[in-house]
1. Might you work out the accessible area of R207 for me, using a 1.4 Å probe with all protein chains in place, and round it to the nearest 10 Å²?
2. Using a Gaussian network for the chain with springs between C-alpha atoms less than 10 Å apart, which of these wobbles most: I174, I209, I155?
3. Can you give me the accessible area per residue for the chain, using a 1.4 Å probe, in Å²?
4. Go ahead and set up a Gaussian network model of the chain, Cα springs under 10 Å, then flag whichever of K162, K86, K116 fluctuates most.
5. Per residue, how big is the convex hull around the C-alpha atoms of segment 50-191? Give it to me in cubic angstrom, could you?
6. Please work out the Cα center distance from segment 165-192 to segment 225-240, rounded to the nearest Å.
7. What full-extension length gain, to one decimal in nm, is calculated for T176 and K116 as 0.36 nm per residue of separation minus the Cα-Cα distance?
8. Are any of the pairs K3/K116; K110/K201; K25/K50; K62/K245; K25/K62; K178/K239 more than 21 Å apart by Cα-Cα distance, and if so, which?
Amino acid sequence: MKKEGIIIANWKMNHNLSELNEYFKKFQLPVSSEHEICFAPQFPLLTSLKHVVAEKFSSKIKIVAQNCSSEKSGAYTGEVNADALKSIGVDYVIIGHSERRQYYFEDDQKIQNKMKQALSCNLNIVLCIGESLKQRENNELKAVLTQQLSSIDPILGEINFKHFVVAYEPVWAIGTGKVATVEQVREVHDFISTLLTEKFKSNSIPRIIYGGSVNTTNAQELFSVSSVAGFLVGGASLKPDDFSKICSVH
Ligand code: PGA
């Protein structure tokens with residue numbers, strides 16, 4: 001059976017408006033692809049992205065924000081709320097990326113508050129979780145993932161599994177070129193899947209995607225792991241040809 005995945009380009013703090021336009025002159029959607037293909041540019045480019053992809057791909061592509069505020073609205077200079085994102089047609093918001101946890105000190109409470117805001121505005125969520133190298137070496141992998149995932153416990157009742165994605169991103173594999181092995185990914189995805197099945201008390205659980213140095217060479221092998229429902233791609237998504245290739249996994 002053909003697996004329909006979700007593949008998200010996380011551009012992080014890269015590409016300005018003219019680079020975005022150049023990108024979409026080159027990017028091709030694989031002809032037979034059934035995947036949900038998504039792009040997460042910087043905030044000011046979200047609307048332009050929406051127009052460009054609507055014109056070229058008749059809205060087949062989904063629009064993703066890289067972050068949202070943990071507050072509803074008000075005097076929070078520099079913050080962007082979920083409501084504003086929803087109002088311009090954003091489909092998904094990435095919450096809890098390790099770069100936000102690390103550089104902006106976002107803890108599980110903050111992440112939970114962000115998820116609450118996203119849920120209240122009907123934004124789909126991509127929740128990122130993952131261990132550092134030190135945590136893995138100290139045998140803390142399962143404890144860390146369990147802790148990070150517990151941020152959804154108080155809001156479980158509000159989550160529709162179809163509109164929620166968990167991205168497993170081992171911190172040591174992000175931007176380092178060190179991709180997790182297929183066995184490591186399978187093991188962790190199975191573990192997360194068990195945790196989610198317990199939480200949701202059902203086999204209907206959110207999709208679990210992998211992120212961390214996904215590229216044109218390793219994407220197909222990783223996608224063949226049954227519990228890998230797609231990818232969150234950083235570096236390799238910045239090049240349109242490479243990202244097109246990654247989107248052609250089957
Ligand atoms: P990478 O980033 O593909 O450059 O490792 C992935 C991510 O941080 O989402």
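1. So the heavy atoms of R207 present about 60 Å² to solvent.
2. I155
3. Details: 11940 Å² over 250 residues.
Computed with neighbouring chains in place, this is 48 Å² per residue.
4. Looking only at K162, K86, K116, the largest GNM fluctuation is found for K162.
5. Spread over its residues, the Cα hull of segment 50-191 gives 145 Å³ apiece.
6. When both Cα centres are located, 11 Å separates them.
7. Numbers: separation 60, 0.36 × 60 = 21.60 nm, distance 3.17 nm.
Answer, rounded to one decimal: 18.4 nm.
8. Violating the 21 Å limit, Cα to Cα: K3/K116; K110/K201.
The values are calculated or read from the model by the stated rules, or taken from the named source; none is laboratory data. Everything numeric in this text was worked out from a predicted model, so none of it was measured. Neighbour counts are summed over all protein chains in view; Cβ atoms, including those assigned to glycine, are modelled from backbone coordinates with ideal geometry. The protein model used for the area step is the full one, side chains on, heavy atoms only, and it has no ligands, DNA or RNA in it. Shrake-Rupley method; radii C 1.70, N 1.55, O 1.52, S 1.80 Å.
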